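A.B. asks: Below: one structure in structure tokens.
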Amino acid sequence: MEEKWLVGVDLGGTTIKMAFISMDGDILYSWEIDTDKRESGKYIPASIARGIDRKLQELDQTKSRLIGVGIGAPGPVNEKDGSIEVAINLGWKNFPLKEILQRETSLPVVVDNDANIAAIGEMWKGAGQGAKNMICVTLGTGVGGGLIANGEIVHGVNGAGGEIGHIVSVPKGGAPCNCGKKGCLETVASATGIVRLTVEELSTKEDQSSLREIYENSQTITAKQVLDAVSEGDALAKKVVEEVTYHLGLALANLANGLNPEKIVIGGGVSKAGDTLLEPLKEQFASFAFPRVAQGVELVTATLGNHAGVIGGAWLVKEKL
Ligand code: ZN
């Protein structure tokens with residue numbers, strides 16, 4: 001009998017990552033298509049179906065190879081019917097993703113949130129190494145998260161479980177967040193937050209810093225430039241990272257006290273800074289976590305990069321269909 005394949009799809013605002021994945025979670029073929037956002041994103045499911053058909057044709061395979069599609073979408077997912085309540089950057093509102101995608105592909109479909117499937121991917125084949133209790137936090141333009149308890153993603157009562165980025169870190173006088181609140185972790189620990197804190201430091205203080213020249217010349221600065229400056233011993237950059245890891249360490253410690261996880265996996269673009277971020281974060285975390293919780297957990301950086309989502313999607317097909 002021919003080996004069956006799983007289809008993982010990671011739906012983003014600009015590209016859709018897709019892959020055929022083996023039952024063991026190995027990526028066999030992966031590719032990307034552009035996200036077709038015309039007319040409030042109504043063509044997206046059809047373009048995914050076409051992407052699958054084209055790839056099968058290219059590989060001289062038929063659909064009988066495929067078990068089903070696991071897709072991660074931005075925004076909270078309605079667990080009952082696999083619809084997306086709202087995905088602002090796709091133009092979706094009460095969009096019945098599961099229903100339409102099943103019709104377009106003639107395959108069974110399972111839908112979850114994009115941050116959740118990335119967490120599942122890291123649990124299955126990445127830094128989680130099979131840990132059944134795990135916190136996954138993605139530090140990118142925003143801060144995403146996924147909580148895994150007893151091997152299952154925590155969805156909560158209406159799909160908003162694991163929204164780590166919106167834990168309030170600065171209760172008074174915090175910066176406005178996309179969610180409508182102020183002072184969320186996302187306003188501090190994302191790439192955007194790091195840039196904001198750095199620009200604040202540069203504008204209010206006269207400290208010597210290699211970042212001052214970069215900023216004065218181009219009027220912009222990137223999180224990567226700040227994190228690179230830390231490894232060059234820049235005091236101002238170091239101060240920014242101290243503030244970021246203080247808030248992140250506090251939020252993760254409080255979450256960990258509730259879950260008692262085995263692993264905390266740090267992913268996203270900001271995590272590429274490696275020990276520059278991880279070492280001070282570990283210190284802050286240890287100072288805030290309940291001692292027995294701190295003993296049981298390991299903080300690690302994610303290992304799957306951009307592939308975490310498609311692998312997590314494949315896991316959903318394997319486990320849920
Ligand atoms: Zn928020």
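The values are calculated or read from the model by the stated rules, or taken from the named source; none is laboratory data. Computed from a prediction, not measured in an experiment: that's the story for all the values here. Neighbour counts are summed over all protein chains in view; Cβ atoms, including those assigned to glycine, are modelled from backbone coordinates with ideal geometry. Side chains are part of the model used for accessible areas, which takes the heavy atoms of the whole protein and leaves out ligands, DNA and RNA. Shrake-Rupley method; radii C 1.70, N 1.55, O 1.52, S 1.80 Å.
A.B. asks: Taking the Cα-to-Cβ direction at residue 182 and at residue 79 and moving 7 Å from each Cα, how far apart do the two end points lie in nm?
C.D. replies: Reported label-point gap for residue 182 and residue 79 is 3.4 nm.
A.B. asks: Would you mind checking which residues have amide H under 5 Å from residue 268's amide H? H placed 1.01 Å from N; only 5 or more apart, or other chain.
C.D. replies: Residues meeting the criterion, in which the H sits 1.01 Å from N, are 139.
A.B. asks: Pull up all non-local amide H partners of residue 69: gap of 5 or more, or a different chain, and H-to-H distance under 5 Å with H placed in the peptide plane.
C.D. replies: Amide H neighbours of residue 69: 109, 110.
A.B. asks: Please give me, ordered by residue number, the trypsin sites (Lys or Arg not before Pro) of segment 208-290 that lie in loop per DSSP and have at most 14 other Cβ atoms within 10 Å.
C.D. replies: Values: sites: 212, 224, 238, 239, 263, 272, 282; in loops: none.
Passing both the DSSP loop test and the Cβ count: no residue.
A.B. asks: For a quick check, take a GNM of the chain with Cα springs below 10 Å and name the residue from 128, 174, 142 with the largest mean-square fluctuation.
C.D. replies: Looking only at 128, 174, 142, the largest GNM fluctuation is found for 174.
A.B. asks: Give the separation of the Cα centroids, segment 62-90 to segment 184-255, in Å.
C.D. replies: If you average the Cα positions of each part, the centres end up 36 Å apart.
A.B. asks: Out of 278, 265, 159, whose Cα points farthest toward the positive end of the dipole of segment 129-303 (charges: +1 Lys, Arg; -1 Asp, Glu; placed on Cβ)?
C.D. replies: Selected residue: 159.
A.B. asks: For the chain, what does -39500 (n - 2.57) per DSSP helix run (n ≥ 4), summed and divided by total residues, give at 222 nm, in deg cm²/dmol to the nearest 500?
C.D. replies: -12500 deg cm²/dmol
A.B. asks: Just going by the charge dipole of segment 129-303, with Lys and Arg at +1 and Asp and Glu at -1 on Cβ, which of 145, 194, 236 is farthest out on the positive end?
C.D. replies: The residue sitting farthest along the positive end of the dipole is 145.
A.B. asks: Then there's this: Filter the trypsin sites (Lys or Arg not before Pro) in segment 124-195 to those in DSSP coil with at most 12 other Cβ atoms within 10 Å of their Cβ, and list the result.
C.D. replies: For trypsin sites (Lys or Arg not before Pro) across segment 124-195 that sit outside H, G, I, E and B with at most 12 neighbouring Cβ atoms in 10 Å, the list reads 172.
A.B. asks: With both partners inside segment 129-303, how many of the DSSP beta bridges are antiparallel, as a percent to the nearest 5?
C.D. replies: 55 percent
A.B. asks: What does the charge add up to near residue 282, with Lys and Arg as +1, Asp and Glu as -1, over the other residues with Cβ less than 12 Å from its Cβ?
C.D. replies: Local net charge: -4.
A.B. asks: Please report, in debye to the nearest 20, how large the charge dipole of the chain is about its Cα centre when each Lys and Arg carries +1 at its beta carbon and each Asp and Glu carries -1 there. Could you put the intermediate results ahead of the total?
C.D. replies: Values: 31 positive and 40 negative charges, 157 e Å.
Roughly 760 debye, rounded to the nearest 20.
A.B. asks: Right, something else. What's the Cα-based Rg to Rh of segment 129-303, Rh via Kirkwood?
C.D. replies: Taking Rh as the inverse mean 1/r over Cα pairs, Rg/Rh reads 0.98.
A.B. asks: Roughly speaking, to the nearest percent, how much of the chain's 1.4 Å accessible area is carbon and sulfur?
C.D. replies: Carbon and sulfur together cover 48 percent of it.
A.B. asks: Per q in 0.13 1/Å, what log10 I(q)/I(0) does a Debye calculation on the alpha-carbon atoms of segment 89-147 return?
C.D. replies: Here the Debye-derived log intensity ratios amount to -0.48.
A.B. asks: Add +1 for every Lys or Arg and -1 for every Asp or Glu among the other residues with Cβ under 11 Å from the Cβ of residue 77, and state the total. Let's see the in-between values first.
C.D. replies: Working: positive: 80, 98; negative: 79, 81, 85, 112, 114.
Counting the neighbours of residue 77, the net charge comes to -3.
A.B. asks: What are the DSSP H helices in the chain that stretch 15 Å or more along their long axis, judged by alpha-carbon atoms, and whose average Kyte-Doolittle hydropathy comes to at least 0.5?
C.D. replies: 191-204, 235-259, 308-320
A.B. asks: Using the C-alpha atoms of the chain, what convex hull volume per residue, in cubic angstrom, is computed?
C.D. replies: 144 Å³
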